[in-house]
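Down below is the structure, laid out as structure tokens.
The values are calculated or read from the model by the stated rules, or taken from the named source; none is laboratory data. This one's a predicted model, so the numbers in the text were calculated from it and none came from an experiment. Here Cβ is always computed from backbone atoms with ideal geometry, including for glycine, and neighbour counts include all displayed protein chains.
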Amino acid sequence: MNIHEYQTKELFRHYDIPVPEGRVVHADAAAAAVAEEMNGERWVIKAQIHAGGRGKGGGVKIAESVEQAQELADELIGMRLVTPQTGPEGRLVQRVLVEQAQEIRQEYYLGLVIDRNSQRITLIASASGGMEIEEVARRDPNAVVREAVDPAVGLLDFQCRKVASRIGLTGKLMPQAVKIMKRLYRCFRDKDALLAEVNPLAVVADDRLMALDAKMSFDSNALFRHPDITDLRDFDEEDAKEVEASGHGLNYIALDGDVGCIVNGAGLAMATMDVITLCGGRPANFLDVGGGASPEKIANAFRIVLEDPNVKVILLNIFAGINRCDWVAEGIVQAIRDQHIEVPVVVRLAGTNVEEGRRILEGSGLDYIKAERLDDAAQKAVAAIGEVSA
Ligand code: GDP
Ligand code: MN
């Protein structure tokens with residue numbers, strides 16, 4: 001789960017990681033008043049969306065007066081901001097962070113990730129922070145310093161000093177860098193994070209190090225023990241259908257094809273998507289209904305898949321082990337009856353109670369396309385689209 005920059009900075013304050021003074025402004029609040037409240041002559045107005053590259057996309061602006069702070073905030077709030085990370089449709093900006101602007105002398109990159117090879121939280125740092133870090137990492141991987149943390153002892157001072165000195169954070173900056181690294185690590189561990197990123201970590205006036213940008217994401221499987229983090233979830237930043245599906249216990253990921261898929265088990269769902277592709281079709285989604293799916297859950301799966309206007313056919317592929325084909329069949333009947341489904345529905349059932357399931361479907365008198373095997377089902381689904389559009 002991702003959170004906004006302003007929320008991450010609030011968390012940083014609790015861990016004594018230095019961040020600029022600032023406040024978030026929603027559509028209805030006055031940016032001018034917020035800017036006036038803070039001392040300073042210049043302010044940074046920053047669009048709050050769950051995507052980076054805002055600087056490049058025009059989502060980070062400097063205001064020279066409180067009036068201009070208001071103008072820039074008004075301009076950003078309500079716009080769809082397109083950055084290299086949002087895709088062409090961009091993201092709606094619903095709030096901005098108004099901060100005291102800092103005079104930047106140097107920009108560094110500091111991050112913590114979980115390195116899957118070493119299976120350790122790993123500190124990543126670079127002297128080339130700022131907006132070009134991805135480019136730097138590609139062009140010159142040696143410019144990026146890595147230091148794995150032994151979980152038994154945690155991040156140690158000597159490791160921080162080593163990393164700091166290798167990226168040129170020496171002299172007065174070294175002890176500040178060590179503190180920031182250790183505090184960031186503590187925050188990361190305490191909150192079961194997957195990623196923490198400070199880019200830029202900047203040297204500002206009076207040789208102070210400060211986190212000017214802040215990003216964190218958290219392990220969704222650990223959220224049950226972090227109600228404070230769970231509260232920060234912003235559903236507006238997530239795919240509405242995926243949110244709704246997870247509320248029904250369905251694992252749904254939207255894709256851009258036109259064959260709607262309803263499958264049990266992640267492995268079978270992946271295999272189904274592969275076979276659809278092999279047959280010349282394109283899956284509209286990944287959807288795993290899980291085990292022991294009730295008729296209602298199956299009907300909900302139909303509803304969610306059909307909310308995607310691109311779906312031209314539905315392929316339901318259930319290989320029932322823990323599931324029961326009779327329940328699945330009841331769900332299909334409910335869906336076709338109640339949801340006025342206009343697209344063809346291809347059904348492949350196998351496994352537990354399959355005879356009973358087939359009987360329910362046949363007895364319903366409803367219109368659907370029967371398939372025996374997966375390849376057969378995928379071919380029929382792709383062919384059905386051809387017939388619909390012909
Ligand atoms: P990102 O592009 O989404 O990563 O957004 P950032 O928060 O990193 O902002 C982009 C860039 O804006 C930074 O790399 C800085 O160069 C610049 N910036 C951010 N805050 C300040 C500030 O207080 N003063 C100045 N002069 N520049 C800033
Ligand atoms: Mn940044």
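Pick from the stretch 195-206 the residues that are closer than 15 Å to E103 by Cα and in contact with a Lys or Arg (Cβ under 7 Å, 6 or more places away or on another chain): which of them is nearest to ligand 1 (Cβ to nearest atom)?
Per the criteria, the residue is V204.
For residues in the stretch 231-265 being surrounded by 13 or more Cβ atoms within 10 Å (Cβ to Cβ) and free of Cβ contacts under 8 Å to residues at least 40 places away in the same chain, which is nearest to Y6 (Cα to Cα)?
Across the stretch 231-265, the extreme among qualifying residues is E238.
When the stretch 128-159 is examined, which residues are found to be in contact with a strand residue (DSSP E or B) (Cβ under 8 Å, 6 or more places away or on another chain) and crowded, with 17+ Cβ neighbours inside 10 Å?
S128, G129, G130, I133, V136, V144, V145, E147, V149, L155, Q159
Mind checking which pairs have a first residue in the stretch 284-295 that is under 13 Å from I314 (Cβ atoms) and a second that is hydroxyl-bearing (S, T, Y), Cβ under 7 Å, 6 or more apart or different chains?
Within 7 Å, the pairs are N285/Y252; L287/Y252.
Starting from residues that are among the small types (G, A, S) and surrounded by fewer than 18 Cβ atoms within 10 Å (Cβ to Cβ), keep the ones in the stretch 319-366 and report whichever is nearest to A299 (Cα to Cα).
S364
What number of residues in the stretch 1-37 are in contact (Cβ under 8 Å) with a residue 60 or more places away in the chain, in contact with a strand residue (DSSP E or B) (Cβ under 9 Å, 6 or more places away or on another chain) and not polar (S, T, N, Q)?
22
Within the bounds of the stretch 273-280, is there any residue that is of a type outside the set (A, V, I, L, M, F, W, C), part of a helix (DSSP H, G or I), in the same structural domain as E342 (by TED's automatic domain parsing) and modelled with pLDDT of 95 or more?
Looking for residues that are of a type outside the set (A, V, I, L, M, F, W, C), part of a helix (DSSP H, G or I), in the same structural domain as E342 (by TED's automatic domain parsing) and modelled with pLDDT of 95 or more, one finds at least one in the stretch 273-280, hence yes.
Residue under question is G321, and the condition is that it be touching a Phe, Trp or Tyr at 6+ places or on another chain (Cβ under 7 Å), over 26 Å from L255 (Cα atoms) and in the same structural domain as I262 (by TED's automatic domain parsing); does it hold?
For G321, the condition - touching a Phe, Trp or Tyr at 6+ places or on another chain (Cβ under 7 Å), over 26 Å from L255 (Cα atoms) and in the same structural domain as I262 (by TED's automatic domain parsing) - is not met.
Identify all residues within the stretch 79-101 that are within 16 Å of ligand 2 (Cβ to nearest atom) and either in contact with a Pro (Cβ under 6 Å, 6 or more places away or on another chain) or aromatic (F, W, Y) (or both); write none if there are none.
E99
I'd like the full set of residues that are surrounded by 13 or more Cβ atoms within 10 Å (Cβ to Cβ) and assigned to a helix (DSSP H, G or I), limited to the stretch 215-230.
Matches in the stretch 215-230: S220, A222, L223, I229, T230.
Results for (1) touching a Ser or Thr at 6+ places or on another chain (Cβ under 8 Å); (2) outside the structural domain of R233 (by TED's automatic domain parsing); (3) of a type outside the set (D, E); (4) more than 15 Å from ligand 1 (Cβ to nearest atom), shown as yes or no for each residue.
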position: R13; (1), (2), (3), (4): no, no, yes, yes
position: D28; (1), (2), (3), (4): no, yes, no, yes
position: G55; (1), (2), (3), (4): no, yes, yes, no
position: A63; (1), (2), (3), (4): no, yes, yes, no
position: R80; (1), (2), (3), (4): no, yes, yes, yes
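Being in contact with a helix residue (DSSP H, G or I) (Cβ under 7 Å, 6 or more places away or on another chain) and aliphatic (A, V, I, L, M) is the filter here; which residues of the stretch 164-175 pass it?
Answer for the stretch 164-175, where residues must be in contact with a helix residue (DSSP H, G or I) (Cβ under 7 Å, 6 or more places away or on another chain) and aliphatic (A, V, I, L, M): A164, L169, L173, M174.
Considering (1) in a strand (DSSP E or B); (2) hydrophobic (A, V, I, L, M, F, W, C); (3) away from ligand 1 (no atom under 16 Å from the Cβ), say which one L209 fails and leave the rest.
(3)
Taking R116 and the conditions (1) over 22 Å from R183 (Cα atoms); (2) at pLDDT 95 or above; (3) more than 16 Å from ligand 2 (Cβ to nearest atom); (4) not polar (S, T, N, Q), which numbered condition does it fall short on, given that it satisfies the others?
Here R116 meets the rest and fails (2).
Those residues that are away from ligand 2 (no atom under 14 Å from the Cβ), of a type in the set (D, E) and farther than 19 Å from R161 by Cβ, I need them from the stretch 206-225; list them, please.
Matches in the stretch 206-225: D206, D219.
Please count how many residues of the stretch 56-78 are within 15 Å of ligand 2 (Cβ to nearest atom) and crowded, with 16+ Cβ neighbours inside 10 Å.
Counting residues in the stretch 56-78 that are within 15 Å of ligand 2 (Cβ to nearest atom) and crowded, with 16+ Cβ neighbours inside 10 Å gives 4.
What residue, of V144, V178, V203, V136, is modelled with pLDDT of 95 or more, within 16 Å of ligand 2 (Cβ to nearest atom), in contact with a helix residue (DSSP H, G or I) (Cβ under 8 Å, 6 or more places away or on another chain) and among the aliphatic types (A, V, I, L, M)?
V203
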